[in-house]
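Report on the structure given below.
Readers should treat all values here as calculations from the given coordinates under stated rules, not as data from a laboratory. Please read all numbers here as calculations on a predicted model, not as lab measurements. Positions of Cβ are backbone-derived with ideal geometry, glycine not excepted, and every protein chain shown enters the neighbour counts.
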Amino acid sequence: MLRLAGLSIAVVAALWPNHTTTNIRTGGDTHGPSIHDIITAAHGVPAAVCTMAASAVGNGWGNWADAPVTPLGPSTRWSGRQSRRDEATPEENRFLLDSLSASDGCVRELAVRLLGRTENSEIVSGLLSRLSAADSTLRAVAAFGLGLIEPRNAVDGLVHTMRDASTGARANSAWALGRIGDGRSVAAEKGALGDASPLVREAAAGALGRLDSASAVPSLIKILRNDDTPSVRRVAAWALAELDAKDAIADLGNVMKSDKDERVREMCAWALGNLDASSANAALLSVARSDADVSVRETAVWALGQHNDQDMAEGLSGILTSDKDAKVRATAAWALGQIGADKAPRGLTDALGDQDQQVRERAAWALGQIGDAAAAPAIRTALMKEQDTRIQKVEVRALIHSGERADRLTELLESKDPEIRAMAIRGIAGHGGVDPWPMPMPRPRPFP
């Protein structure tokens, strides 16, 4: 019997066509299997399964970069069937379909993910027939497989299964229909927003965000306001942004300010940033200044940076100088460079002396975007003190874009860094358009 507790996740990762690395927990990270779990679970695992898991590590397995001699040996190396184009044989497909009924969860997991790599009529037919199986676990896994494959001819069967007695079958069907993206499922998804199970309501809200149906907006707003499960409210906020629901701006702003769950507030801020909702800027600024959660404050600042409202410059400058968290300050500096201000606020030049490296870099980048001549003395002073060579280059760019005099730029010709010397030469020659510094992107935004 396969003992795959932690290893199964690594095996699954190996089967995805765009896979790059496996999420293995180390140190303080709490997500994914730990290294101890994986190695312990690997004892006694058949070589074929271990080969797939080793491939998932993604550090040269199976190509010329691999060592000539490995513990598993060349005879057991994974053949590389990781693409949807590499179809299994009909016999293998039947074996995998039969394996969906196995009592072992790992076997079912691997079987359905392998089946989900290819849209094959035999596989789709086999999964559809299992939507009506007596075993509720099998019905749920069949819906899962259809969601991976995304066949259009599965819509009717999945819509029917959304009325299933099994929570897993209903939730997986809602999710699968969202992936397929057929408008015939909108009514069923809207109905599922009233399901007794939060898992089903969450799946339905996420699906509606992908189905591009304006008719779902009122139902999603109701869920955002009233659902008693935070994860459902959070996905509803995400879906409203995906649907470009301008009618939801006021409700998103109210929930952002009042919801007890920080992840819901964060998603509302994200949604407002994506909705180009400048009418919500006052609410966003209030949350950015006062919310107790760092992620909520940072996302609200990011949203302000999306709206290109110069009237927010003073408020963002205050956050840049006062927030205790470096991530929030760094995103505030980025936002100031985004909103199209024509004058550099005092907070931005002060941030050139921030203790945090990322804050200093983004502040220098923003000053380069603004190009305010009045900021040149502060940039010049910061450049003399800065020890980080990367930030020095951003500050040189900011100086040139701020109209620094050519005679002052000649001092930079003594720099030991050839890139700084080259930038100075371009500035002296009057090439104000010094190669743009890469935009310092803010932290990843939240998704359900």
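Here are a few things to note about the model shown:
- Compared with the direct C-alpha span, the chain from Thr167 to Arg390 gains 75.0 nm at full extension, assuming 0.36 nm per residue.
- Net +/- balance of residues flanking Ala313 in space, Cβ distance below 12 Å, scoring K and R +1, D and E -1: -3
- Karplus-derived 3J(HN,Hα) values for the range 112-121, using 6.51 cos²θ - 1.76 cosθ + 1.60 with θ = phi - 60°, are 5, 6, 5, 5, x, 7, 9, 7, 10, 4 Hz; glycine and proline are entered as x.
- Local electrostatic count, Arg362, Cβ distance below 10 Å [Lys/Arg +1, Asp/Glu -1]: -1
- All aspartates and glutamates inside 16 Å of Lys324 as judged from Cα atoms, apart from same-chain residues fewer than 8 positions distant: Asp291, Asp293, Glu298, Asp350, Asp354, Asp356
- The residues neighbouring Ile379, those whose beta-carbon lies less than 9 Å from its own, together hold a net charge of -1 under the Lys/Arg +1, Asp/Glu -1 convention.
- Under the Karplus curve 6.51 cos²θ - 1.76 cosθ + 1.60, θ = phi - 60°, whole-Hz ³J(HN,Hα) for the range 289-301, x wherever Gly or Pro sits: 7, 10, 4, 6, 9, 4, 5, 5, 4, 5, 5, 5, 5
- Checking the cross-link pairs Lys222/Lys327; Lys327/Lys385; Lys343/Lys385; Lys190/Lys327; Lys190/Lys260 against a 30 Å limit on the alpha carbon distance flags Lys222/Lys327; Lys190/Lys327 as lying beyond it.
- You can think of it this way: the chain between Arg94 and Gln355 has 87.8 nm of extra reach, that is 0.36 nm per residue less the Cα-Cα gap.
- Length gained on full extension, Asp212 to Asn120: 30.4 nm, using 0.36 nm per residue less the C-alpha separation.
- Per-residue HN-Hα couplings for the range 277-286 [Karplus 6.51, -1.76, 1.60; θ = phi - 60°; Hz; x = Gly/Pro]: 9, 5, 5, 9, 4, 4, 5, 4, 5, 4
- Listed by chain and number, the aspartates and glutamates whose alpha-carbon sits under 13 Å from that of Lys246, ignoring those within fewer than 8 places in the same chain, are Asp276.
- From most to least packed by mean Cβ count within 10 Å, the peptides 274-280, 180-186, 229-235 give 229-235, 274-280, 180-186.
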